[in-house]
Amino acid sequence: MLDAVCGVRVCFLNQAPSAILLRMKLDKLKGVVHSDPEIMGGTPVFVGTRVPLQNLIDYLEGGESIEDFIDAFPTVKREQAIAVIEAGKLTMLETV
């Protein structure tokens, strides 16, 4: 059975909403962020770059926009930054 959840098609039967949200978070981050001991000592970075995920968080916490972040780190695609924010949003919605 296919269920449309938040615009993402998920193929799960009889799973709790939290399991579906976890799967959505993981699916959204595939090809977006990864951690490899050989790259920046395992610090989570955007795929295809050496830009740490923490840089995006620092920019947003500092009041900068996504566009400012992309201008400063042009190797990161806007879609990657948005996917990270969406995954964070899903995590927050799951905990509330």
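Taken together, the values in this text are just the output of simple stated rules run on the coordinates, not laboratory data. Just so it is clear, the model here is predicted, and its values are computed rather than measured. FYI the Cβ positions are ideal-geometry reconstructions off the backbone, even for glycines, and counts take in every protein chain you see.
Filtering the stretch 66-81 to residues that are surrounded by fewer than 17 Cβ atoms within 10 Å (Cβ to Cβ) and either touching a strand residue (DSSP E or B) at 6+ places or on another chain (Cβ under 6 Å) or in a helix (DSSP H, G or I) (or both) leaves I66, E67, D68, D71, A72, R78, E79.
Looking at the stretch 50-65 only, could you name the residues that are more than 14 Å from G31 (Cα to Cα) and part of a helix (DSSP H, G or I)? Hits for the stretch 50-65 are Q54, N55, L56, I57, D58, Y59, L60, E61.
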